[in-house]
Amino acid sequence: MMTVYIEMIDRENDCTVLQGRPLDRACESPFTDRGLPTFSDLACLVAMSCACLNRARYSIVPNRPCECGKSARQHSWAHLVEARILSLRNPRRLILTFLFSGLLSGCAMVTVSSQGPQQYIAMRRGDVLSTGRLSAATRDVVRVAALNESACQREPQPCIDAIASVNGIDIDRRLASLAELSLQMAIAQTPTNGATWNDTQFDLWLKTARYSYAFLFLGQRTAGERAFEDRQTQVRDYYNYAVQELAGALFLRGALDSESGGGGHGTQFIAGWSIHLDLHRVRLPEGVREPREVIPASRLSFAGLRSIYRRDGLGAELVAVMSEPSQDGAAGSDVDATAGPDLSQPATARPAQDTRPFSEMPSPNVTALVWFSQGTLDEVLRKRDVTLSVYDPYREERVEHHGQTVPLAANFSAGYGIWLARSGFAGQSLRTLFGRSRGIDRPRIYLMQPFDPDRRIVLMLHGLASSPEAWVNVANDIQGDLLLREHFQVWQVYYPTNVPILVNLARIRRAIQGTLVHFDPDGTMPASRGMVLIGHSMGGVLARLLVSSSGDELWAAFKDTYVPQGTDVDRADERLNRLLRFEPMPQVERTIFIAAPHRGTPFASNRLSRWVANLVRLPLALLTEIEDVMQTATSLDPQGKTFHVPNSIEQLRETDPMIRVTAQLPASPQVCFHSIIARRRENGPLEDSDDGVVPYRSAHFAGALSEKVIVAGHSVQQTPEAILEIRRILHEDIETIDARGKVCGAAEAR
């Protein structure tokens, strides 16, 4: 018996796939050791050799580990480029070798096979970022440059030097390959434990960004001409990733301290590079000098946010987490029951202590770019002078450089998600309701993005025992809608829901006015006009009162309900007037009520609610202040019976005198109203339906321009149907103003 052994080599992975495999085991007729092999024996040998190269179904390649640690079937058939005879245990092996070599030359070396969608995407899009392996495009350049692919994968620098100087490769292919090889080298030599970089690592990442930048802006074709090419998308990702890593490393180095360069402009000298810092396009919250963290948005994953809204483009999408300044007055002692900022003082005259009624977004979304020197391609590749610029993606959508305009990358959800995830609102709102420590005792306005004087405000008010978390997907979807984002900025009110409704109303009104005055003292900016209120549950009741006129109705109800008969009341008392007399906010032009109990709810009177209401505790300072007001504004005997202050749950009962009066107050004719109402069951008369908490008869508002009824529970604001209706109303609002040049008002048909 003659046994033929062959060897198969995978040149791509530089390893042996098959070694010492008896070829005759797969032949139907074994080779004979008598005389020369028969024609059928040789035909079998040639056919099987071709099978190894051409991926025939009767391939002899076994499914066993080979030298490079992979199963033989894991090798690409295009890479099995060599099969040779190892030994012939027969005196006639020389003759057989010549015959085998001659017949083997008849095997087809170019074949075709079909690919599935996964293989297609892997071939076209796979690269060092997505798979850890060089892309097919870079491997092609390596082969054209007569370099060993495996060696370039292991040691990129010699290949980088060779490709940079070899002839016969066009500029775009050369730059793209240099960018990917540099990125591979930078990743391999950079620790993943967040340690501070050394100079070598900075140099590698800056070179990656520079090669990518040169391809995007100084290649043979413009970015627009390559718009549909996978290769440009890959190189853009190399650039964005390099900038992301550089921004984080510079932050750890302390380079982003706004004082380091004088008002946000500084220069760092690292590894022979001059790195200029340009932070003037973003405004940090007042009192904040530098970020506490710089987090790449690409590394974040959120549960609870239904959608992540982004804009593809150039730049690293980052979240700059700030250290919030102290907020005296946001928690702690509760002074005047209607206390608020002194609006008679301009913002510059206020004390240094932070008593402002608002907080700017503590984790704003920003986008970072690295610009290289203007000039020719050779000049850019030679110079070591760069600028790191940080942009506000809400204000800037595009950037221009080297005569080309490209979209600015952005993430509009990451900063909002981090703020909510770290806020602790869920526990704090319940502690507040029951008067526990570490709650809040007065309203605060939260700006979801840096204040923009040219965008109108959507102001959201949550309901009982709730917080800004109630608006998680509403606010996110508004900020993710391109048209709405261009016209509106989102503010959210966070207020203590245990406090009486009229006390909260006075405080919220003053907090809104104080925030507007802080940013727009003259009230002339677009942001100070055309405000849209959105209120859920008790927040809807507050929203309605913000655009209502009290007249003398509340004074009369107050005297009849809380003042003993025959007792005089001083109507000139300023503190009581703040609670009982008000006019519509002139800045508001539209209001959306969501499951709002305008006329109270029987749910607040049932046994469970009465039990919960007994657990609600009002701040002691508030009780003391109201007691003092009653004694000074009336002729009540100070030694008399203690005055009972109703909490918010008690005031939401259908039988409460104040809720009955507020339901009848006239709303501003200059404001458009919309209602979103929930019902638990689809069947049955609408008038008899409820959402489990608020009946339809209480949520219905007779003057509404639109009324959307959704089959859902009381937290209907979280449903996609409600969010879609809110967006429809806001789009309609934009169209109305654009078409008629005025806000919604009395001229609109009701």
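When ASP441 is tested against (1) farther than 26 Å from THR367 by Cα; (2) modelled with pLDDT of 95 or more; (3) of a type outside the set (Gly, Ala, Ser); (4) surrounded by fewer than 23 Cβ atoms within 10 Å (Cβ to Cβ), only condition (2) is not met. Within the stretch 265-294, if we keep just the residues that are of a type in the set (Gly, Ala, Ser) and assigned to a strand (DSSP E or B), the residue that is farthest from the chain's Cα centre (by Cα) turns out to be SER274. I'd like to verify a number: residues in the stretch 463-483 that are touching a strand residue (DSSP E or B) at 6+ places or on another chain (Cβ under 9 Å) and within 15 Å of GLY427 (Cβ to Cβ), how many? Looking only at that region, the number is 4.
I'd like to know if the stretch 556-577 contains one or more residues that are buried (at least 20 other Cβ atoms within 10 Å of the Cβ) and over 19 Å from ARG653 (Cα atoms). Yes; the residues of the stretch 556-577 include at least one that is buried (at least 20 other Cβ atoms within 10 Å of the Cβ) and over 19 Å from ARG653 (Cα atoms). So, in the stretch 502-545, exactly how many residues are surrounded by fewer than 22 Cβ atoms within 10 Å (Cβ to Cβ), of a type in the set (Ser, Thr, Tyr) and within 31 Å of the chain's Cα centre (by Cα)? So the count comes out to 1.
The residues in the stretch 676-705 that are surrounded by 14 or more Cβ atoms within 10 Å (Cβ to Cβ), within 21 Å of ILE723 (Cβ to Cβ) and among the acidic types (Asp, Glu) can be counted, and the count is 1.
Quick check on this structure: which one of GLY116, GLY168, GLY132 is under 25 Å from GLN244 (Cα atoms) and small (Gly, Ala, Ser)?
On the way: GLY116 fails: under 25 Å from GLN244 (Cα atoms); GLY168 fails: under 25 Å from GLN244 (Cα atoms).
So the residue among GLY116, GLY168, GLY132 that is under 25 Å from GLN244 (Cα atoms) and small (Gly, Ala, Ser) is GLY132.
Report, by residue number, each residue of the stretch 298-321 that is of a type in the set (A, V, I, L, M) and in a loop (DSSP other than H, G, I, E, B). Give the steps one after another, and end with the answer.
Going residue by residue through the stretch 298-321, those that are of a type in the set (A, V, I, L, M) are 300, 303, 305, 308, 314, 316, 318-321.
Of everything in the stretch 298-321, those that are of a type in the set (A, V, I, L, M) and in a loop (DSSP other than H, G, I, E, B) turn out to be LEU300, ALA303, LEU305, ILE308.
Yes or no, residue by residue, for (1) buried (at least 24 other Cβ atoms within 10 Å of the Cβ); (2) among the small types (Gly, Ala, Ser); (3) farther than 22 Å from LEU505 by Cβ:
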| position | (1), (2), (3) |
| --- | --- |
| SER389 | no, yes, yes |
| TYR394 | no, no, yes |
| GLY427 | no, yes, yes |
| THR432 | yes, no, no |
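Here's the yes/no breakdown for (1) over 23 Å from ASN577 (Cα atoms); (2) among the hydrophobic types (A, V, I, L, M, F, W, C); (3) part of a helix (DSSP H, G or I):
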site	(1), (2), (3)
ALA475	yes, yes, yes
GLN479	yes, no, yes
ARG485	yes, no, yes
GLN492	yes, no, no
ASN498	no, no, no
LEU502	no, yes, yes
ILE508	no, yes, yes
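If you check ALA470, ALA465 for being outside any loop (DSSP other than H, G, I, E, B) and either in contact with a helix residue (DSSP H, G or I) (Cβ under 9 Å, 6 or more places away or on another chain) or closer than 29 Å to ILE729 by Cα (or both), only one passes: ALA470.
The values are calculated or read from the model by the stated rules, or taken from the named source; none is laboratory data. Everything numeric in this text was worked out from a predicted model, so none of it was measured. Reconstructed Cβ throughout: ideal geometry from the backbone, glycine too, with neighbour counts over all protein chains shown.
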